[in-house]
Each structure stands twice: as C-alpha cells, then as structure tokens.
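Before any comments, here is the structure.
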C-alpha cells in the first residue's frame with residue numbers, strides 16, 4: 001500500500017511516501033514555493049526520485065490544517081485532483097500532528113507550534129507513544145503567553161513557529177525547531193495511511209481545510 005503525503009500548509013512544500021507502516025521517501029522544498037504549478041511539479045519530482053509513479057499509489061493524504069489559508073487550499077485542491085482522476089481515497093491529517101511525528105528531540109511531551117500571524121500561534125500538544133505521538137491538546141490558536149504556559153508545565157516546543165515565538169518577551173529557552181522538516185511529507189503519508197486503513201476517508205466533494213481561525217476578507221482600499 002503506497003500512500004502519497006502532501007503538506008503545503010507552510011512556506012514550503014513537503015511531499016512524501018509511506019508503505020506498510022513506514023516512511024519510504026520524503027522531501028521538502030525551499031521556502032515560498034506554495035504555488036499550485038510548483039506543487040504539481042514537486043509531487044511528480046518526488047515520485048520520480050522515489051522510483052514511483054501516480055499509478056503505483058493506493059491512496060493520498062493531505063495536511064488539512066492549521067496553517068496558511070492559501071497553502072491549505074492549494075494542497076487540498078491538488079490532492080482532490082489526483083483522487084478524482086485516479087479514484088483513490090483521500091485522508092486528511094493535522095499539520096501539527098505531522099510536525100510532532102517529526103520531532104527529533106527526546107522530550108516525552110511536545111507542543112507543535114506554527115505562526116498564525118497577528119501575534120497568534122497555532123499549536124497542539126502531543127505525548128510520545130511506543131510509536132510516534134498521540135495528541136493530548138487539540139489543534140488550537142492562542143497567544144505566545146498560552147504557549148509559554150505549556151512550556152512551564154514541561155512541554156518541549158517544536159515546529160516552524162519557534163522563530164516567531166522567540167521574538168516575544170518572556171520566551172523560555174527553546175530549541176532551534178526540534179523537528180525534521182524534510183520528513184513532514186512522509187509523516188503526512190504515514191498518518192494518512194493509518195487513517196485510510198481505519199476507514200477515515202474524506203468526502204472529495206465537501207471536505208474543506210481546518211482553518212481553526214475564520215479567514216478574513218481583504219479590505220478594499222481605493
């Protein structure tokens with residue numbers, strides 16, 4: 001069972017493959033590569049590097065949020081397009097859970113953090129299991145202070161939001177990210193494989209990203 005994993009919820013693209021409960025390939029792009037054309041090209045490139053093609057796939061998994069509103073829509077649209085064309089099932093995966101599964105620190109409990117802009121952060125809490133992490137704090141949005149409070153309780157802070165978080169007064173000592181960015185696409189594939197095996201399939205016609213925060217319309221300026 002070869003599963004394609006896609007994450008375009010941040011400033012970079014991550015694409016990976018899993019098979020029979022293990023990650024077999026994963027790559028991430030340079031930052032600022034969220035464009036739809038770039039994503040399709042990157043998917044084909046990763047498949048080629050891994051020695052696979054679209055026809056080898058038995059399912060697709062995509063990070064459905066939280067994250068960049070535009071990036072989430074691009075990723076979900078690309079994943080749906082592949083599934084419509086190939087009649088493959090689609091699974092949705094939390095982008096924060098994928099980060100937790102790529103943690104490269106020894107902490108038992110971690111909080112995965114992403115910058116939500118407007119001085120807010122997306123975050124979720126996870127505890128280490130025999131294999132990977134289980135979620136104990138749901139995907140949420142809050143202030144730097146909310147996350148610092150979790151750090152005070154012993155959670156290690158990881159993820160792409162660490163750099164923005166560190167700019168806030170009172171920030172505790174934190175790592176330089178604490179996770180393997182290259183592995184995100186593979187983690188999405190692996191988590192999606194688990195969901196597909198459990199029958200947790202997205203409705204291609206009606207599924208939408210998990211924005212957490214409702215997108216605001218852009219203000220018109222004359």
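The values are calculated or read from the model by the stated rules, or taken from the named source; none is laboratory data. The structure displayed is predicted, hence computed values, not measured ones. Cβ: placed from backbone, ideal geometry, glycine included. Neighbour counts: every protein chain shown.
Examine region 195-211 for a residue that is more than 30 Å from residue 20 (Cβ to Cβ), touching a strand residue (DSSP E or B) at 6+ places or on another chain (Cβ under 7 Å) and at pLDDT below 95, and state whether such a residue exists.
yes
Tally the residues that are at pLDDT below 85 and touching a helix residue (DSSP H, G or I) at 6+ places or on another chain (Cβ under 6 Å), restricting the search to region 28-55.
2
Please work out which one of (1) over 17 Å from residue 191 (Cα atoms); (2) surrounded by fewer than 17 Cβ atoms within 10 Å (Cβ to Cβ) is the condition residue 20 fails and give its number.
Residue 20 satisfies every listed condition except (1).
Please note which helices (runs of 4 or more DSSP H) are completely contained in region 28-147 and include at least 1 residues that are over 28 Å from residue 205 (Cβ atoms) and free of Cβ contacts under 8 Å to residues at least 40 places away in the same chain.
Filter on region 28-147 gives 36-49.
Would you mind stating whether residue 177 is in contact with a helix residue (DSSP H, G or I) (Cβ under 6 Å, 6 or more places away or on another chain), over 24 Å from residue 209 (Cα atoms) and part of a loop (DSSP other than H, G, I, E, B)?
Yes, satisfied.
Out of the residues in region 184-210 that are assigned to a helix (DSSP H, G or I) and touching a helix residue (DSSP H, G or I) at 6+ places or on another chain (Cβ under 8 Å), state the one that is farthest from residue 123 (Cα to Cα).
190
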